[in-house]
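J.: Before I ask anything, here is the structure I am working with.
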Amino acid sequence: MVIVPPSLHAIGASIGSWRLAVLGQADPLAALERFRAAYLAQRYGPAPTPADVSAVSVAMLDALLGPAGVRELLAHPWLRIHVLVIRS
């Protein structure tokens, strides 16, 4: 008999969503290290534009996910991540 755990619907915004993306990967410690390195490498000019911040955020997300992260998150056996995005 196969026991399937119930799905956990996890909701995150801001740093919480980044952490959930780490948790849902096959090797969360490696994902956390990639994110840590990208987060600490953030650099902005004296007056960053929204486009500048978006570009850095996309680069951090790419680093966090690595080559297989999207597939791993979508195929996770029980974690369902919901990300809240608020424009302000």
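J.: If I go through the range 1-58 residue by residue, how many of them are of a type in the set (G, A, S), open to solvent by 50 Å² or more (accessible area, probe 1.4 Å) and under 22 Å from L84 (Cα atoms)?
T.: Residues flagged as of a type in the set (G, A, S), open to solvent by 50 Å² or more (accessible area, probe 1.4 Å) and under 22 Å from L84 (Cα atoms) within the range 1-58 amount to 5.
J.: Looking at A55, is it of a type in the set (A, V, I, L, M) and not in a helix (DSSP H, G or I)? So that I can check it myself, show each step before the final result.
T.: On the way: of a type in the set (A, V, I, L, M): yes; not in a helix (DSSP H, G or I): no.
For A55, the condition - of a type in the set (A, V, I, L, M) and not in a helix (DSSP H, G or I) - is not met.
J.: Let me ask another. Listed residues L74, L64; which is within 17 Å of A10 (Cα to Cα) and out of contact with any strand residue (DSSP E or B) (no Cβ under 6 Å at 6 or more places or on another chain)?
T.: Every option except L74 fails the conditions.
J.: Next question. Where residues in the range 66-77 are out of contact with any helix residue (DSSP H, G or I) (no Cβ under 7 Å at 6 or more places or on another chain) and open to solvent by less than 40 Å² (accessible area, probe 1.4 Å), which of them is modelled with the highest pLDDT?
T.: Among those that are out of contact with any helix residue (DSSP H, G or I) (no Cβ under 7 Å at 6 or more places or on another chain) and open to solvent by less than 40 Å² (accessible area, probe 1.4 Å), it is A68.
J.: Could we say that R80 is in a helix (DSSP H, G or I), surrounded by 11 or more Cβ atoms within 10 Å (Cβ to Cβ) and of a type in the set (K, R) here?
T.: no
The values are calculated or read from the model by the stated rules, or taken from the named source; none is laboratory data. Because the structure is a prediction, the values reported are computed rather than measured. Quick reminder, even Gly has a Cβ in these numbers, built from the backbone with ideal geometry, and neighbours come from all protein chains shown. Just the protein is used for accessible areas: all its heavy atoms, side chains included, with ligands, DNA and RNA removed. Shrake-Rupley method; radii C 1.70, N 1.55, O 1.52, S 1.80 Å.
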